[in-house]
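Step one of this worksheet: look at the structure below.
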């Protein structure tokens, strides 16, 4: 079994959603070389059909798709499977899109060109989460995971606004006072 998933008793099940069948295929095949079982979907509707009948360790979803985009699909996935990590990627990434994705519960937001560079890291990360049992039964680990995501979104907003806390608070949709408390909590300033 490939190194990234050798500690698991099972393969990671990954859902890949991209409206471009070629991109979907290439990402899927790359994940298979890392020892993952992959389901490919080319639309939000097709992805939801699979999600109703199968459990996934994580999903990789293109942000920009016709009809229902990846952010819309993220909302659907989180409503049906709130514990399933969803990584959004985009070739047309904008900060506002990333912030929206994080607000809706995305585990990460990656530029499309970085997907292949980050793939082994993602598989290793989710393998470790599966090994540690980050599930409903382990609320402490889920809380830490969510805090890590929030910290990342705040840091990205600060960098985007050149460390202007008022603008960054608006960007992530927090009151200024809450934002300052979180910045202090996470030791960002």
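The values are calculated or read from the model by the stated rules, or taken from the named source; none is laboratory data. Every value quoted in this text rests on a predicted model; they were computed, and no experiment measured them. Neighbour counts run over all protein chains shown; Cβ positions are idealised from the backbone, glycine included.
Residues to consider are 38, 16; find the one that is modelled with pLDDT of 95 or more, under 25 Å from residue 102 (Cα atoms) and crowded, with 22+ Cβ neighbours inside 10 Å.
16 is the lone residue from the list that is modelled with pLDDT of 95 or more, under 25 Å from residue 102 (Cα atoms) and crowded, with 22+ Cβ neighbours inside 10 Å.
Taking region 128-163 as the search range and keeping residues that are touching a helix residue (DSSP H, G or I) at 6+ places or on another chain (Cβ under 8 Å) and modelled with pLDDT of 80 or more, which one is surrounded by the fewest Cβ atoms within 10 Å (Cβ to Cβ)?
So the residue we want is 161.
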